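The numbers here are math on the coordinates, done by the rules we state, and not lab data. This one's a predicted model, so the numbers in the text were calculated from it and none came from an experiment. Cβ: placed from backbone, ideal geometry, glycine included. Neighbour counts: every protein chain shown.
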2 protein chains.
Amino acid sequence: MNKEDILQTNIDPLLTYFDKLIPLNSEEKKWVTDLFKPRLYRKRQYVLQEGVVCNQFNFVVRGCLRLYKIDDKGNTHIIQFSAENLWLMDIGSFHQRNASALNIDALEDTMVLQISYDNLISLYLKSPKFDRIFRVLIENSFVSLQQRLLQNISSTAEERYLSFLQTYSHLHNRLPQTQIAAFLGVSPEFLSRLRHKQAKKA
Amino acid sequence: MNKEDILQTNIDPLLTYFDKLIPLNSEEKKWVTDLFKPRLYRKRQYVLQEGVVCNQFNFVVRGCLRLYKIDDKGNTHIIQFSAENLWLMDIGSFHQRNASALNIDALEDTMVLQISYDNLISLYLKSPKFDRIFRVLIENSFVSLQQRLLQNISSTAEERYLSFLQTYSHLHNRLPQTQIAAFLGVSPEFLSRLRHKQAKKA
DNA sequence: ACTACATCAAGAAATAGGGTTGATCCAGAT
DNA sequence: ATCTGGATCAACCCTATTTCTTGATGTAGT
C-alpha cells in the first residue's frame, strides 16, 4: 500500500460500521464526518503514552495498534490488539480525564479515525443515537475483555495460545510472535516451543 | 548509541549554542533549562504532521530530522534536513498558529530539545536577549534557505549534487540516497547514475 | 522429582530497506 | 530531427534489521 492510498482514507469504513449498529441519517453522517479526523501513525509510533491523558477515541481503518502496560521490571504486557474496524483507547483515562498508566502504539503503519473528548461529548449532545451506538460498541468490547480475562485465569499457556489462534486467526499471520507472546503472557522462547509442539502434533 | 544514552541527554548543547551567539547569565540559563524539554523521536516517527499547528520549536541534539512536503502525486520534496545543533519547525505554522502543510519526521533516532509556543513567548518576555538570539538564529536559517533556493533555480541536478556534497559532507555518508534525491529534486535512479558518473571521473 | 514456565546466549531464517542497472519514454533546446 | 536532461518501471542484488528457534540452565509450585 502506498502513501497515497493510506492518506486518501475516507470516512466510509466508520460510517459503514455505525450503519450496521444503527442506521444514520445524512445529518448524522455529516457530524461523524466532521468530528472524526483521519491520522496516520507509523509503525512503533506512540498513539498514547503513559502519563498523559487519553484524549482521543480511535477507530482503526487500516493497520494494527496495541494497548499495553510496562511493569516495574520493564516487561510489556499487551492488553489488547486492535486491527481494522476495531476501537482502541484507554477508556478510563479518557472519561475520568486522568493520566493514563497505559501505552498505545502502532505495530504497523496504521490509519485511524479519531475523535477528541470534547467532540465526542458534543456528538452525544447532538443526538442520543450516538449514546446508544457507543454504548453498544463498549458493550461489545467489554464482552471480549471478559472472555479474555476468563481465558487467562483458567487456562494454561498452551490453551491460551490455541484460543488466540481461533479468536484472532487473522492476526496470527500478521503479528510478530514476540507480540503474541506478550499478549499471552509468556516468553517468546516459550511460545516458540509451544508452536514447535503443535507443529509436531499436526 | 543505545536508548539510555539518548535519554540522558542534557541541556548543555543548547546552552553552548546560545552562549556562542550571546553569552547567557545563570538566570537565563535556568529559564532555558526549564522551558526546553528533551524528547526522543524514533526513526520514521512524525514530529509534525500536515494539518496540525506546529507548536514546538525544535533543536536537534542528536540524530536527524527532515522537513518536507508531499505533493498531489504523492511525491516527497525535502525542504530541509536538520542534524546536530540545528533547528527545525514549520515557522509559518508556528507563528501564525495555523495548520501546517508540511511534515517533519525523523530519519534516525533523534533527540530534540523543544520549546512550546507559549513558553517561547514567555521566554521573550523574560528578556529581550532571547529576541536577539532567535532573530540571529532565524537570520542564519534564512541565509541557508536563500542559498538553497538560488542553487535550485540556477543549477542542473549534477551541480546541485556537487554543491550538496560540499555543504553537507557530513550528511552525505549518513543519509540514504533516496532522501538525498528527494532533497535534490531528482529520482533516486537518476541520482544513482550521477554518482556512477562521478565515480568514473575520479 | 515433575510440570510449567523464565532467562540468557547464539545462530538461523525471513523480511525490509537501500542501491544499481537496463529499458523505455518524454519535453524542451538546438 | 535529434540530443540532453531528466522520469518511470521492473528486476535484481546486497546488507542490515527483525524475528524465530534452539540449547543450556534455573526456579517455583505440586
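At a glance:
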quantity: Viscosity 1.567 mPa s, temperature 4 °C, Stokes-Einstein D of the protein assembly as shown from Kirkwood C-alpha radius, µm²/s; calculated: 53
quantity: Within straight-line cross-link reach of B:K20, lysines at Cα separation under 24 Å, skipping those fewer than 8 residues along the same chain; calculated: B:K29, B:K30, B:K37, B:K126, B:K129
quantity: Sequence-distant residues sharing a close amide H with B:K43 (under 5 Å, placed H); calculated: B:D109, B:T110
quantity: Number of partner chain Cβ atoms within 10 Å, mean per residue of B:35-45; calculated: 2
quantity: ³J(HN,Hα), Karplus 6.51/-1.76/1.60, whole Hz, each residue of region B:26-32, x for Gly, Pro; calculated: 6, 5, 5, 4, 5, 4, 4
quantity: Total formal charge among the other residues, if their Cβ is under 11 angstrom from that of A:T167, Lys/Arg +1 and Asp/Glu -1; calculated: +2
quantity: Amide H contacts under 5 Å for B:R62, placed H, 5+ residues apart; calculated: B:M111
quantity: Phi-based couplings in Hz for region B:60-73 (Karplus 6.51, -1.76, 1.60; Gly and Pro marked x); calculated: 7, 8, 8, x, 7, 10, 10, 10, 8, 10, 9, 7, 4, 8
quantity: Fluctuation leader among B:L120, B:L165, B:L15 - chain B, Gaussian network, Cα springs under 10 angstrom; calculated: B:L165
quantity: Three principal axis lengths of chain A [C-alpha, angstrom, descending]; calculated: 57, 35, 30
quantity: Value at 222 nm in deg cm²/dmol, rounded to 500, when DSSP H runs of n ≥ 4 in the protein assembly as shown each add -39,500 (n - 2.57); calculated: -15500 deg cm²/dmol
quantity: Fully extended contour minus Cα-Cα distance, from B:T178 to B:K29, at 0.36 nm per residue; calculated: 49.7 nm
quantity: Peptide-level mean, for B:67-73, of C-beta atoms on other protein chains within 10 Å; calculated: 1
quantity: Taking B:L150, B:L40, A:L107 and counting other C-beta atoms within 10 Å, the order from fewest to most; calculated: B:L150, B:L40, A:L107
quantity: Label-point gap, in nm, between B:Q166 and B:N85 - each point 7 angstrom along Cα→Cβ; calculated: 2.1
quantity: Charge tally in the Cβ shell below 10 Å around B:L48, where Lys, Arg are +1 and Asp, Glu are -1, B:L48 excluded; calculated: -3
quantity: Relative exposure of A:E28, B:E139, judged by other C-beta atoms within 10 Å (fewest first); calculated: B:E139, A:E28
